[in-house]
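Trainee: Pasting a structure here, questions to come.
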Amino acid sequence: MKKISSIWLASSAAFIAVLAVHAQSGRTPDWNALNAETLRHFQALLRFDTQNPPGNEHLVTDYVKSVLEKEGIPVQIFANDPNRPNLVARLKGNGSKRPLLYMGHSDVVTVDAKKWKFPPFGATRDGGYIYGRGSDDDRPHVVAGLMTLLTLKRLNVPLDRDVILLVESGEEGTTGVGIGYMTTQHADAIAAEYCLAETGTVARVNGKVMYAGVQTVEKVPRRIELVATGPSGHASRPLQGNAVVHLAAAVAAVGTWRVPMRLNETTRAFFAKMAEISPEVEAARYRALLNPSSPAAAAADAWFAEHEPGYASMMRTSVSPTMIDAGYRINVIPSEAKATLDVRMLPDEDPARFLAQITRVINDPAVVARYITDPGLTRPTNKPSRLDSEVFRTIQTAVSRNYDTVTIPLLSTGATDMSQVRGNGTECYGIGPAIDLEDAAKGFGAHSDQERILESELYRFVRFSYETVADLVRHS
Ligand SMILES: [Zn+2]
């Protein structure tokens, strides 16, 4: 792509003519024209305010529907709530292989507009970036899915499998209208052998691509409530059974508990690859983790807990106390106090066994730990996607062609809509555009007050997505 653009800058009419012939004659996309079209759709999508809550994702689905239908691609709309529909578009293949699903979600998290330099729904281009809520999360997948379908259709690529685009609502904490609704009520419409969705990332440091991370498994969110009970009374006479004191001790115990670390296929491959591509001091730390029972692993784990908490979390079921609710006036010792723990389980964790461990760590009969369900947070346990699959190999090839770097499998500590899709038996892989790892700390990342994407990386991601999909679906 770099080569093409430099030639393009110095282009002659003759060269344009050659490209046009290529584009018409069959299977070569005209990326210069497609980039301009990508920008147009991307900016249009960024200008829709689909903050969740309330969502209003129909703004996005109406737009995508009209673009697809204009080119003769059939679209179905599935809505539990009419303002929050899900869009499914399908290009038919010859049926010799099972379908491929490409997903992008249409909602975005809320904004505090005062904190934005550029308007959050303005799609401003500045200094090589495009700014706006959703520019990382998750308009790139919506536009890449759209451009992929349009391009396959226009080039009339013969397909061995159906290609399905799902633009789903409610990913940010209200999955009942989105992926939850689709996987329980309309599973047939999105049934596929494989799916591609958000959460992967191509990591850049100092402007240089370091690796492409592909999400193959994610942790499972669970909520645990701690309830301490004791006698109530006048606060002028301290009571040993004070529920607040018992709760505080329990929260401190679970909050400082170092849950034993363990690796799975994905995290083992992740740390092994990181050891290969990192400078020696860091590489030694990653290598140490590969032998989890060694003292060196414990030292590395402690280092990560302090400096890279995301990596420490990848190696264990994690517990973060997040809310405390106790007492109602200063001079009353309350009879009950509650705390909430945000627990992120490794996919193979046994929830009953884990609750028993928590109870042992608390070691106080006055405090009861129990699971509570939270509809917005519920995600099914999901099986890791295979690293030796056709899709993973195809992604690796497209990564090295487009980014000239290694592909590393990722376990994400947060949950995504892929967990429901995996739960229905589809193998899912998270891919994503290149971002500067420094951007998150500077406040430019997903969910931040100044979300942005490098324009050139948006184009590269669309091309990478198209090539990955085309390689998986093209009649061979
Ligand atoms: Zn997202």
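Trainee: Do you know which of the residues in region 342-374 that are part of a loop (DSSP other than H, G, I, E, B) and within 19 Å of the chain's Cα centre (by Cα) is surrounded by the fewest Cβ atoms within 10 Å (Cβ to Cβ)?
Mentor: Per the criteria, the residue is PRO347.
Trainee: Where in region 401-459 are there strands (runs of 3 or more DSSP E), lying wholly inside it, with at least 1 residues that are among the polar types (S, T, N, Q)?
Mentor: Answer list for region 401-459: 407-412.
Trainee: Test ILE435 against the criterion of being touching a Leu at 6+ places or on another chain (Cβ under 7 Å) and either hydroxyl-bearing (Ser, Thr, Tyr) or within 15 Å of the ligand (Cβ to nearest atom) (or both), and give yes or no.
Mentor: no
Trainee: Check region 406-426 and report whether any residue there is buried (at least 22 other Cβ atoms within 10 Å of the Cβ), more than 16 Å from the ligand (Cβ to nearest atom) and under 26 Å from ASP112 (Cα atoms).
Mentor: Taking every residue of region 406-426 in turn, none turns out to be buried (at least 22 other Cβ atoms within 10 Å of the Cβ), more than 16 Å from the ligand (Cβ to nearest atom) and under 26 Å from ASP112 (Cα atoms).
Trainee: Could you list, in sequence order, all residues of region 102-138 that are more than 16 Å from the ligand (Cβ to nearest atom), in contact (Cβ under 8 Å) with a residue 24 or more places away in the chain and of a type in the set (A, V, I, L, M, F, W, C)?
Mentor: TRP116, PHE118, PHE121, ALA123, ILE130
Trainee: When you scan region 174-181, do you find a residue that is in contact with a helix residue (DSSP H, G or I) (Cβ under 7 Å, 6 or more places away or on another chain), touching a residue at least 40 places away in the same chain (Cβ under 8 Å) and away from the ligand (no atom under 16 Å from the Cβ), even just one?
Mentor: no
Trainee: In region 185-235, which residue that is modelled with pLDDT of 95 or more and among the polar types (S, T, N, Q) is nearest to the ligand (Cβ to nearest atom)?
Mentor: Only one residue fits best here, namely GLN215.
Trainee: Right, something else. For region 96-112, enumerate the residues that are buried (at least 24 other Cβ atoms within 10 Å of the Cβ) and in a loop (DSSP other than H, G, I, E, B).
Mentor: SER106, ASP107
Trainee: Among the helices (runs of 4 or more DSSP H) lying completely within region 210-315, list those that include at least 2 residues that are closer than 30 Å to CYS428 by Cα and in contact (Cβ under 8 Å) with a residue 40 or more places away in the chain.
Mentor: In region 210-315, 265-277, 295-307, 309-314 are the helices (runs of 4 or more DSSP H) which contain 2 or more residues that are closer than 30 Å to CYS428 by Cα and in contact (Cβ under 8 Å) with a residue 40 or more places away in the chain.
The values are calculated or read from the model by the stated rules, or taken from the named source; none is laboratory data. The structure presented is a predicted model; accordingly, all values stated were derived computationally and were not measured. As a convention, Cβ positions derive from the backbone with ideal geometry for all residues, glycine included, and neighbour counts pool all protein chains shown.
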